[in-house]
Amino acid sequence: MSEKGENDLEALLEQAGEEWRARAADGRRRSVADGVVQAVRDSGSGPSHAGAAWTTARLRLAAVFVAAVVLVASGLAVHWATRPSGAIHLVAKQGDVRIDRGGQEGTAIEAGAVLDTGARGSAIVTLDDGRVQCYMARNTAVAVVSSGEVRLDSGRIWVNVRTDSGRFDVRAPGLDVVVTGTRFAVSVEGGEGRVFVVEGSVSASSGGSGQSVGGGSLAAPRPGGGVDVTIPDAPPAWVGQTRAEFEVLAATRYFPSGNLSGNAE
Amino acid sequence: MVYPPAFPHGAGVPEHADAPGGLPPGLFERFQGGDEQALREVVVLFEARLFGVARLYARSAEDAEEAVQDSFLRLYVYRARIHGPEAVFPWLCATVRREAIRQSGTAWRRHEFPVDPADLVEMQGGVEGEQVRLAEAEYRAEVVRSGLAALRPKEREVILLRYFAGLQLKEIAAMRQIPMGTVGVLIQRALAKMRKRLADRGLEY
């Protein structure tokens, strides 16, 4: 490429730029000097006060923003703090059900109560003012730690957690399950917990190491920590059995309308 | 390399071009002190050049004018943060660019200039009875359009700022907060790309 050629391109750009500036200047209606000075006057009692007025407006905006953040944070904190305070009820039972405190069907259960179903017993406990339904199959022992947490010591449970519920925890031997709005079953077999998620997802952990478990997945503790997640071709037999038992007991003793979906209420 | 004068049209050309930032002695101090007349003088001094920068980024002349006015208002509000007279115009350029982009919205999110600069070049040539001038302007517009199409957004921007808005290298560097050497490299690379694109079309430059 010749030097002359390079200069030609720049000369052409310079000429085009000059024409462009002239054309662009044609679009200007007037000087903005008066508008700027007037805007400065309008923003305060005079030019020297415009900065203060502007700063004040920004400070007000910042204050509103901070207040909004505090409100939201407070709401979340209150929601979290009050999460376990909902009532716990034994809403249905059948056969042999032992409970160390309270225990009549349809009555409240104190936090910390331990429920134990015998060989022919089963029960439904609602927590968090009914937002969580927990079915206990036969030969199942559950400690209701709070309205937001149960501990499964043995047996099988079926759990519906409504989407408007707060965090709900299920602790089983070697396995911790954290949920917000889902349906799942947990059982203890061979001294170890396992969870099968039907809808939504849960967070399952063991030994401090956990992961999310989605619908249709089965999670069990891994030796040495963590969980193994598999996706079986079909739900394990104990899951279907537990769910069916829950629906039968609920339909006959608790939900006459037939509304068995925890999330549909 | 010889660059064109920053703004050859008279209006807006700093009277004290050799003074720091192009501001007459004492004007910056009066402006920082909140003097209304100083504010007016600063606006008159820079508004034409600033309008040229804004017009590159704004959808219309009206949007550009509004961006220019907002930029001067912000300059006044934040005048205490301006370190010296030489920082005034680059600060205004950076602000007017941001304001115009904010107004033009989606076009810039697609890394496009809302106005094709070649269109304005072409329109300028349309003086009745001057057919030769019109033809030359149309030719230049076509060359500019073809060449700019070969450039990446950042290269296109420095070419337009340099040759169309008429900014100096140091002003582009201060406005975009990149080293002046980088601006020079970008311009040279862009010119080389434009030449190659034009050569592909049989135009030797």
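We did not get these values from a lab; they are worked out from the coordinates using the rules stated. Here the structure is a predicted model, which means the values were calculated and not measured. Using ideal geometry, Cβ is built from the backbone for each residue, glycine included, and neighbour counts are taken over all protein chains shown.
How many nm is it between the label spots at A:D8 and A:F65, if each spot is 7 Å from the Cα in line with the beta carbon? Here the answer is 5.5 nm between the modelled labels. Can you give the extra length, in nm with one decimal, that the chain gains between B:A80 and B:E136 once fully stretched, where that is 0.36 nm per residue apart less the Cα-Cα distance? Here the answer is 15.4 nm.
Centre-to-centre, using Cα atoms only, segment A:198-216 and segment A:122-166 are separated by 17 Å. For segment A:83-202, the share of alpha carbon pairs falling in successive 5 Å distance bins from zero is 2, 13, 25, 27, 20, 10, 2 percent.
Each residue of segment B:78-85 was assigned a 3J(HN,Hα) from its phi angle through the Karplus curve 6.51 cos²θ - 1.76 cosθ + 1.60 (θ = phi - 60°); the sequence is 9, 4, 5, 8, 7, 6, x, x Hz, with glycine and proline shown as x. For B:A94 and B:S146, a Förster radius of 22 Å and the Cβ-Cβ distance give a FRET efficiency of 0.15, rounded to the nearest 0.05.
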